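Chemist: Encoded as structure tokens, here's the structure I'll be asking about.
The values are calculated or read from the model by the stated rules, or taken from the named source; none is laboratory data. The structure displayed is predicted, hence computed values, not measured ones. Every residue, glycine as well, gets a Cβ built from its backbone with ideal geometry; the counts of neighbours run over all protein chains shown.
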Amino acid sequence: MKIIEKIKTNKSNHNQTEIQKICLNKLQSSPLPNPKSELWRLSNKSKLSNFLDYSINEKDSKFDIPYPENSQSTIRFIIGENCQIKLIEKNYSIQELSEDELQKYIKEQISFFKQNENWSDLLNLSLSCKNNILGLKINGSKIPPIEIFSHASSNSLNAKTLVIFLEKNCELELLQVNLGKENSSLSQSTFICLKENSSLNHGVVSYGENRSNLLNSLNIIQQKNSKYNLGSLHFKFNYARFEINIKQSAGNAKTNIKGMQITKKDEQISTHTKIEFNGPNGFLDQINKSLADDKSHAIFEGSIIVPKIAQRTDASQLSRNLLLSNLAQIDTKPQLEIIADDVKCKHGATISQLNEEELFYMRTRGITLTEASKLQLSSYFQEIISFIPITKDRWDLLDKLLNEN
Amino acid sequence: MVNENLVKDVVKEPYKYGFVTDIETEKIEKGLNEDIIKLISQKKEEPKFLLDFRLKAFKKWQKMKEPNWAALGYKKIDYQDIIYYSAPKQKEKISSLDEVDPKLLETFDKLGIPLTEQKKLTNVAVDAVFDSVSIATTFREELAEHGVIFCSISEAVKNHADLIEKYLGTVVPASDNYFAALNSAVFSDGSFVYIPKGVTCPMDLSSYFRINSGDSGQFERTLIIAEESSSVSYLEGCTAPMFDTNTLHAAVVELIALDDASIKYSTVQNWYAGDEEGIGGIFNFVTKRGKCLGKRSKISWSQVETGSAITWKYPSCLLLGEESVGEFYSVALTNNLQQADTGTKMIHIGPKTKSTIVSKGISAGNSKNSYRGLVKMGTKATGSRNYSQCDSMLIGDQASANTFPYIKSQQPNSEIEHEASTCRISEDQLFYLQSRGIEFEEAVSMMVSGFCRDVFNQLPMEFAAEADKLLALKLEGSVG
């Protein structure tokens, strides 16, 4: 109940938006997710309560983006700082969603929410004030890549919400960066609707500093013939939870997901994906990699749901895990729920360590053990990193990961 | 290869074990309380330690809640509306088979279970359990020559109380889960096997469980102990008559393998599954677990699950001994409105332990078939390996197939591999078979049999043939 009181005392009632009120009401019936439910069973309870401990911060302190200068070829937004976006060019337009559109869409989403599955979204929407919600409608062709930043300030709990409508026949590269500061909690919820024939290359890179926490939820709706590629990377969080909900609303859509999480010290990072096929001819190819070192805990839970209507679905899911320390833990649970009979569905999971034969081979060629394991790790990382858009040239993600190791 | 005529014969038949034997039985009143437990214990003339064990389990059970995490839906079970003890009336203790009620022998004859002398040639020792009581155990003397103890658990309580006291509840403690606690409180009979050091059991041992009365539950308990360097193969079969009420079956099986011992446990479960509308059928809630205590010990589960309205069953292995091996081979077939949530748990505790899981699920009709398995590598399980493979086959677009593998590792120097796939009967293959003059249903049952080959290969000969027959029978009318 503490968190609800906190939200209530934080706001004077007349400032609350309608959405905040609805979500707060829903949260009131069960303020915390059920720790016994399948989705929250492995989540570290004390870390979650630590997430909620910080005081709510609605106004951002200015922050310096620790990344290369904004080049002309990309468009950059920071959630919470932009206002009045209206970019209308010859080939494309990027406009802010009107208040009505935004409200209508979010309300519709809320009507599908389930208490445990969407607890992160409920929390986010009851915390997010008007300033911290960014709604975009993107239309046209030859759109330059977009970078969207979300960040938390030290010693506070921040909530940011992003809503994107990708209109028909649109193609877009989007990179979302979530940055945690020391002792901070960030709740980020993203809602993306891919209209017919649109295509999105989406990258999600999240990393924190000392003891930062993250609840990152991604809700994607894919209409017919849309194509969605997601490359994600989560590391350096005391506690992070990445929830991906993808719904192929009428089938005939393609989804590719490549995600990775890296945990060290006593960190816990989990990825929970739920992919629903609500029409025929859906396609999914998913790979999730985890690397757990020291005393950390990495979790992957993926479910693929194929109801009767989703005939001729082709879905595959692979969970590959590296366990590097005696005290670390890995849990993985790829899951299939299938009713349609004319489908091809498969999943696989492996947990192992670095290949000793490969290490030995490299060492006989004069490469030191540290170098050799770095080489192995870089090939392990590379598959995911090369799938994240925009970052290729400008962000040295690989170096960052390897130097951390 | 499926015998063509056999399949034809079999496909025509309804559930052929659905008859009721009209025999005088002794039943106690419905309901469950301490007095009932004391009465059961008294009827079986049990020593005090066992009564205490039962009462303790009952206390625990009262505090527990029925689990609801399985992907199963069934109407609430009224535990006070069940008869917890039912036994065919027998005037005196029987010393040989000739004194067993001929009706009972006839029943087992009908079921194809060789109890009578002329059928003993098959070289399988059988312990037949009818409702709550073990009726007869064959080949006793021959087994005794080798020092093998094979008898009903009630006899073992009387004659080998020390072994029972030492091992009962050590693998599946009374508080393990709701149904195990219930079983510990009211278990009526079951089989007991003890293989002494260095003995390879000279023949396969087999138990046959038969539920006869409609309102009593069956709660059997099996305990198998394999001493150092011994080995045994154990078969289990189950049938029940057709009733339009649901009957509860909650069994517990405990296996213990010491150094270099090996136990192979095979089950063909064919309880009555209810009719096409889902009326009647057995609710099958079973806890089966084996403990590989000794070094290089091995426990292998193989099962063919075709019956029961509800199946809730996870035969597991606790791999404690160094280099111990656990195996699980399963075929689960559901049709009409059957629901099965079944799988295994492989808990790797000792170093260099190995486990293999091969699970084949076939769902037809409106049924629901889930594989749920856990593979866990503990912190000391260095150099351990697991390989799992779960394949599902869907027949018709109303059935559902789910896979829930839970994989957990705390040991970097171990490897886990898991694979799962879902498919349907390939139309190309069907077409090929049909173009060669094989009828549609026959072609389907051939393909199903091929799909399950990996598991059937692990079954003892006579079981493999029975399993093939069963699958063909169960799939009748589900395709096309």
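Chemist: Among residues belonging to the range B:407-427 that are at the interface with chain A (Cβ under 7 Å from one of its Cβ atoms) and either assigned to a helix (DSSP H, G or I) or of a type in the set (Asp, Glu) (or both), point out the one that is nearest to the chain's Cα centre (by Cα).
Modeler: Of everything passing the filter in the range B:407-427, B:GLU419 is nearest to the chain's Cα centre (by Cα).
Chemist: Same structure, new question: I need the full set of residues from the range B:38-80 which are assigned to a helix (DSSP H, G or I) and within 15 Å of B:SER154 (Cβ to Cβ), in order please.
Modeler: Matches in the range B:38-80: B:LEU39, B:ILE40, B:SER41, B:GLN42, B:LYS43, B:PHE49, B:LEU50, B:LEU51, B:PHE53, B:ARG54.
Chemist: Go over the candidates A:SER316, A:SER325 one by one and state the one that is surrounded by fewer than 23 Cβ atoms within 10 Å (Cβ to Cβ), touching a His at 6+ places or on another chain (Cβ under 9 Å) and either more than 20 Å from A:GLN382 (Cα to Cα) or of a type outside the set (A, V, I, L, M, F, W, C) (or both).
Modeler: A:SER316
Chemist: Filtering the range B:272-289 down to residues that are on the phi < 0 side of the Ramachandran plot and in a loop (DSSP other than H, G, I, E, B), which residue is surrounded by the most Cβ atoms within 10 Å (Cβ to Cβ)?
Modeler: Checking each candidate, the answer is B:ALA273.
Chemist: In the range B:25-37, how many are closer than 18 Å to B:ALA181 by Cβ and assigned to a loop (DSSP other than H, G, I, E, B)?
Modeler: 3
Chemist: Also, I was wondering about something else. Take the residues of the range A:2-28 that are of a type in the set (S, T, N, Q) and either outside the structural domain of A:GLU99 (by TED's automatic domain parsing) or surrounded by 14 or more Cβ atoms within 10 Å (Cβ to Cβ) (or both): which is modelled with the lowest pLDDT?
Modeler: A:ASN10
Chemist: Also, quick follow-up: Taking the conditions exactly as written (surrounded by 15 or more Cβ atoms within 10 Å (Cβ to Cβ), facing another protein chain (nearest Cβ under 8 Å) and touching a residue at least 40 places away in the same chain (Cβ under 8 Å)), does B:SER400 satisfy them or not?
Modeler: no
Chemist: Another question about this same structure. Being under 24 Å from the mean Cα position of the chain (by Cα), buried (at least 18 other Cβ atoms within 10 Å of the Cβ), within 12 Å of chain A (Cβ to nearest Cβ) and not in a strand (DSSP E or B) narrows it down to one residue among B:GLY373, B:GLY365, B:GLY361; which is it?
Modeler: On the way: B:GLY373 fails: not in a strand (DSSP E or B); B:GLY361 fails: not in a strand (DSSP E or B).
Checking each option against the conditions leaves just B:GLY365.
Chemist: Working carefully through the options B:PHE219, B:PHE179, find the one that is touching a Leu at 6+ places or on another chain (Cβ under 8 Å) and under 27 Å from B:LYS48 (Cβ atoms).
Modeler: B:PHE219
Chemist: A:ASN355 versus (1) surrounded by fewer than 14 Cβ atoms within 10 Å (Cβ to Cβ); (2) under 28 Å from the mean Cα position of the chain (by Cα): which is the lone unmet condition?
Modeler: Every condition holds for A:ASN355 apart from (2).
Each row is one residue, and each column tells you yes or no for (1) touching a residue at least 60 places away in the same chain (Cβ under 8 Å); (2) more than 22 Å from A:LEU174 (Cα to Cα); (3) touching a helix residue (DSSP H, G or I) at 6+ places or on another chain (Cβ under 8 Å).
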residue	(1), (2), (3)
A:LYS104	no, yes, no
A:GLU108	no, yes, no
A:PHE112	no, yes, no
A:ILE133	no, no, yes
A:LYS160	yes, no, yes
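Chemist: Okay, next question. Return the only residue of A:SER150, A:SER184 being crowded, with 22+ Cβ neighbours inside 10 Å, out of contact with any Leu (no Cβ under 6 Å at 6 or more places or on another chain) and closer than 25 Å to A:LYS104 by Cβ.
Modeler: Numbers: A:SER184 fails: closer than 25 Å to A:LYS104 by Cβ.
The match here is A:SER150.
Chemist: Out of the range B:376-397, which residues are of a type in the set (Gly, Ala, Ser), touching a strand residue (DSSP E or B) at 6+ places or on another chain (Cβ under 8 Å) and more than 8 Å from chain A (Cβ to nearest Cβ)?
Modeler: Here is the first cut: in the range B:376-397, the ones of a type in the set (Gly, Ala, Ser) are B:378, B:381, B:383-384, B:388, B:392, B:396.
Still in the running and touching a strand residue (DSSP E or B) at 6+ places or on another chain (Cβ under 8 Å): B:378, B:381, B:384, B:388, B:392.
Within the range B:376-397, B:GLY378, B:ALA381, B:SER384, B:SER388 meet the criteria.
Chemist: Restricting the search to the range A:29-59, which residues are part of a loop (DSSP other than H, G, I, E, B) and either outside the structural domain of A:LEU123 (by TED's automatic domain parsing) or of a type in the set (S, T, N, Q) (or both)? Step through it out loud before you land on a result.
Modeler: Our first condition is that a residue be part of a loop (DSSP other than H, G, I, E, B); within the range A:29-59, this holds for A:30-44, A:54, A:57-59.
Scanning the range A:29-59 gives A:SER30, A:ASN34, A:SER37, A:SER43, A:ASN44, A:ASN57.
Chemist: So, one more: Can you name the condition, by its number, that B:SER355 falls short on among (1) within 30 Å of A:LYS295 (Cα to Cα); (2) away from chain A (no Cβ under 11 Å); (3) in a loop (DSSP other than H, G, I, E, B)?
Modeler: Condition (3) is where B:SER355 drops out.
Chemist: Every residue in the range B:380-402 that is within 27 Å of the chain's Cα centre (by Cα) and hydroxyl-bearing (Ser, Thr, Tyr), please.
Modeler: Of everything in the range B:380-402, those that are within 27 Å of the chain's Cα centre (by Cα) and hydroxyl-bearing (Ser, Thr, Tyr) turn out to be B:TYR387, B:SER388, B:SER392, B:SER400.
Chemist: Quick one: in the range B:428-458, which of the residues that are part of a loop (DSSP other than H, G, I, E, B) and in contact (Cβ under 8 Å) with a residue 12 or more places away in the chain is surrounded by the most Cβ atoms within 10 Å (Cβ to Cβ)?
Modeler: If we take residues in the range B:428-458 being part of a loop (DSSP other than H, G, I, E, B) and in contact (Cβ under 8 Å) with a residue 12 or more places away in the chain, then B:CYS452 is surrounded by the most Cβ atoms within 10 Å (Cβ to Cβ).
Chemist: Taking A:PHE300 as the residue in question, decide whether it is out of contact with any Asp or Glu (no Cβ under 8 Å at 6 or more places or on another chain) and surrounded by 22 or more Cβ atoms within 10 Å (Cβ to Cβ).
Modeler: Taking the combined requirement at face value, the residue does not satisfy it.
Chemist: Also, I was wondering about something else. Among the residues of the range A:329-357, count how many are more than 30 Å from A:LYS247 (Cβ to Cβ), touching a strand residue (DSSP E or B) at 6+ places or on another chain (Cβ under 9 Å) and either within 7 Å of another protein chain (Cβ to nearest Cβ) or free of Cβ contacts under 8 Å to residues at least 12 places away in the same chain (or both).
Modeler: Residues in the range A:329-357 being more than 30 Å from A:LYS247 (Cβ to Cβ), touching a strand residue (DSSP E or B) at 6+ places or on another chain (Cβ under 9 Å) and either within 7 Å of another protein chain (Cβ to nearest Cβ) or free of Cβ contacts under 8 Å to residues at least 12 places away in the same chain (or both): 3 in total.
Chemist: A follow-up question, please. Answer yes if at least one residue in the range B:164-182 is in contact with a Ser or Thr (Cβ under 7 Å, 6 or more places away or on another chain), crowded, with 17+ Cβ neighbours inside 10 Å, more than 26 Å from B:ALA261 (Cα to Cα) and among the hydroxyl-bearing types (Ser, Thr, Tyr), and no otherwise.
Modeler: No, that holds for no residue.
Chemist: How many residues are among the hydrophobic types (A, V, I, L, M, F, W, C) and under 18 Å from B:THR21 (Cβ atoms) when one looks only at the range B:236-263?
Modeler: To start, the set of residues in the range B:236-263 that are among the hydrophobic types (A, V, I, L, M, F, W, C) comprises B:238, B:240, B:242-243, B:248, B:250-253, B:255-258, B:261, B:263.
If we keep only those that are under 18 Å from B:THR21 (Cβ atoms) as well, we get B:238, B:240, B:242-243.
Looking only at that region, the number is 4.
Chemist: Could you check A:LEU157 against (1) more than 20 Å from A:GLU96 (Cβ to Cβ); (2) assigned to a strand (DSSP E or B); (3) in contact with a His (Cβ under 8 Å, 6 or more places away or on another chain) and say which number it fails?
Modeler: (3)
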